[in-house]
Amino acid sequence: MTTTKPSSILPDLAEKPVFVNRMFARIAPTYDLMNRLMTFGQDQSWRRELLRLAATPPHGRLLDVGSGTGDIAYTELRRNPSVQAVGSDFTYEMMAAGVGKEAGLFLPFVQADTFALPFADNTFDAVVSGFMVRNVVDRVAAFREMARITKPGGRVACLETTPPTNALLTPLFRLYFFRIVPLIGGLVAGDRQAYAYLPHSTVDFPEPLELMRIMEQAGLHHVFFVEKMFGTVAIHVGTKL
């Protein structure tokens, strides 16, 4: 699938980190609500499946990279209270919106760059991310860093939207993501520009087989993926040996 990439929507690679940080800072207050609306509530079931496949053991340690408000990590704490979960994100405002949002659950947040996570080698039993990899400029380096802090035998898993491979779905995908999503973003979040960027960030995102090879290139093994929502969403999982 191809489309024009207006400079006003997609920044240059050198400008992308600052652009993405400012964008997520603006939409932090309504980020969770927009995720529910855009996915018709399906994002919560995708997160649960991501965590099931990541397979953090009881009393294990989980890192949610690019955690935003901590949805994935909070979900794990609800389903597996003995897990020690941590959320890390580049954008302070996103983490601030997540602090204390789940009554009775404590989730520490760490502000960090995905390419230089402030954790020792072999720290976590599982390292996961949701809708984060599409925002980084070097995907191999990001997965390599996630693998570094994962214990041998642990898993790195990511949840991402992907360009549909089904030609019949492509027109509907384009209509929804490029027309309807920005409209909803303008009405709900007051930020049409941010929700124009997010769909466009999927245009050049690797298809599932290519992302699987990227994870392998980063040193992960036994990589596999599960497609959801008619192939427009995929969960990838790799193991550190």
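The values are calculated or read from the model by the stated rules, or taken from the named source; none is laboratory data. Bear in mind that the values here come from a model prediction, so they are computed numbers and not experimental data. Every residue, glycine as well, gets a Cβ built from its backbone with ideal geometry; the counts of neighbours run over all protein chains shown.
Whenever a residue of region 113-133 is farther than 18 Å from Gln44 by Cα, its partners that are part of a loop (DSSP other than H, G, I, E, B) and among the small types (Gly, Ala, Ser), lying with C-beta atoms within less than 6 angstrom and at least six residues away or across chains, give the pairs Pro118/Ala112; Asp125/Gly60.
Residues that are under 15 Å from the mean Cα position of the chain (by Cα) and of a type in the set (Val, Ile, Thr) within region 94-133 comprise Thr114, Val127, Val128, Val133, listed in sequence order. Whether any residue in region 216-238 is modelled with pLDDT of 95 or more, surrounded by 15 or more Cβ atoms within 10 Å (Cβ to Cβ) and of a type in the set (Phe, Trp, Tyr) is what I want to check. Yes, some residue in region 216-238 is modelled with pLDDT of 95 or more, surrounded by 15 or more Cβ atoms within 10 Å (Cβ to Cβ) and of a type in the set (Phe, Trp, Tyr). Looking at region 165-240, the helices (runs of 4 or more DSSP H) lying wholly inside it that each contain 3 or more residues that are in contact with a Leu (Cβ under 8 Å, 6 or more places away or on another chain) sit at 181-188, 194-203.
Selection of region 146-164 for residues being outside any strand (DSSP E or B) and at pLDDT 75 or above yields Met146, Ala147, Arg148, Ile149, Thr162, Pro163. The set of residues in region 28-66 that are of a type in the set (Val, Ile, Thr), farther than 15 Å from Phe124 by Cβ and over 15 Å from the mean Cα position of the chain (by Cα) contains only Thr30. Ser67 fulfils the conditions (1) buried (at least 22 other Cβ atoms within 10 Å of the Cβ); (2) farther than 24 Å from His236 by Cβ; (3) in contact (Cβ under 8 Å) with a residue 40 or more places away in the chain except for a single criterion, (2). Just to be sure, is Ala157 out of contact with any strand residue (DSSP E or B) (no Cβ under 9 Å at 6 or more places or on another chain) and in contact (Cβ under 8 Å) with a residue 60 or more places away in the chain? No; evaluated as a whole, the condition is false for this residue. Looking across region 1-25, not a single residue is at pLDDT 90 or above, within 25 Å of Arg174 (Cα to Cα) and surrounded by fewer than 18 Cβ atoms within 10 Å (Cβ to Cβ). Taken over region 205-225, the residue count meeting the criterion of being on the phi < 0 side of the Ramachandran plot and either among the aliphatic types (A, V, I, L, M) or touching a residue at least 24 places away in the same chain (Cβ under 8 Å) (or both) is 13.
Only one of the listed residues (Val86, Val128, Val99) is more than 19 Å from Cys158 (Cα to Cα) and of a type in the set (Val, Ile, Thr). That residue is Val99. Filtered by the rule that a residue be among the β-branched types (Val, Ile, Thr) and modelled with pLDDT under 90, region 185-215 gives Val188, Thr202, Val203. Screening Arg78 against (1) over 18 Å from Val233 (Cα atoms); (2) touching a strand residue (DSSP E or B) at 6+ places or on another chain (Cβ under 9 Å); (3) basic (Lys, Arg) leaves a single unmet condition, (2).
Pairing each residue of region 190-204 that is within 11 Å of Arg26 (Cα to Cα) and touching a residue at least 12 places away in the same chain (Cβ under 8 Å) with any residue that is crowded, with 21+ Cβ neighbours inside 10 Å and of a type in the set (Gly, Ala, Ser), provided the two are 6+ apart or on different chains, yields C-beta distances under 8 Å for Asp191/Gly185; Ala194/Gly185.
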